[in-house]
Amino acid sequence: MIAEVEKIDGAYIVIYKRPLTHSVDKVWRALTENDKLEKWMPNLEVKNLQQDGVIQFNMNDRTDNSFNMKILDYKEYTYLQYEWGEGWVRFELYPQAEGCLLLLKEFNPTLNDHTPKDLAGWHVCLEMFMALLEGKMMDFPKDDWEVWYEKYSRVIRNVKK
């Protein structure tokens, strides 16, 4: 399911919607516990899970380089928003009868050549996230990423028109 890209007040919001057959508790733990987070987004490490806390982005390029991203908005089991580049990302969980709805929103003040790469990355990381919830391990699917990169490149070109 491809993300929606909306232009709002000169900036852009990307929304990924994923209905899940898992409880809010299980999904929240996969989003915030480092032993689970490393299985679907290995660059991220939660350092201080709270409002104004820190999530560290590790380059994972054998240099030990990393940088901190501030948690901008937080309510346990409900939402987690943190800095992401010039914008932010936000995970929202909504309980449903058969599990929960996960919304991943990314705010981008501008669109550039890197945007479709980032969007394809989130897309395949969400596939890895859903596999984790099913108890499966999945390596980063580079071939899938390339397919999604082409699709998101077309989406971004259309949004810019």
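Just a few scattered comments:
For (1) touching a strand residue (DSSP E or B) at 6+ places or on another chain (Cβ under 6 Å); (2) of a type in the set (Val, Ile, Thr); (3) open to solvent by less than 30 Å² (accessible area, probe 1.4 Å), each residue gets a yes or a no:
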| site | (1), (2), (3) |
| --- | --- |
| 65 | no, no, no |
| 85 | no, no, no |
| 93 | yes, no, yes |
| 113 | no, no, no |
| 123 | no, no, yes |
| 128 | no, no, yes |
| 149 | no, no, no |
| 156 | no, yes, yes |
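- Flag if residue 52 is open to solvent by 50 Å² or more (accessible area, probe 1.4 Å), over 26 Å from residue 116 (Cβ atoms) and at pLDDT below 95: no
- Within region 95-111, the set of residues being of a type in the set (S, T, N, Q) and surrounded by fewer than 15 Cβ atoms within 10 Å (Cβ to Cβ) comprises 96, 110.
- Test: residue in region 132-139 that is at pLDDT 95 or above, among the acidic types (Asp, Glu), assigned to a loop (DSSP other than H, G, I, E, B) and more than 24 Å from residue 9 (Cβ to Cβ): yes
- Taking first residues from region 124-145 that are touching a residue at least 60 places away in the same chain (Cβ under 8 Å) and partners that are in a loop (DSSP other than H, G, I, E, B) and not hydrophobic (A, V, I, L, M, F, W, C), the Cβ contacts under 8 Å between residues at least 6 apart in sequence or on separate chains come to 128/141; 133/22.
- Count - residues of region 9-44 that are open to solvent by 60 Å² or more (accessible area, probe 1.4 Å) and within 29 Å of residue 111 (Cα to Cα): 6
The values are calculated or read from the model by the stated rules, or taken from the named source; none is laboratory data. Computed from a predicted structure; not experimentally measured. Please note: Cβ atoms are built from the backbone with ideal geometry, for glycine as well, and neighbour counts cover all protein chains shown. Side chains are part of the model used for accessible areas, which takes the heavy atoms of the whole protein and leaves out ligands, DNA and RNA. Shrake-Rupley method; radii C 1.70, N 1.55, O 1.52, S 1.80 Å.
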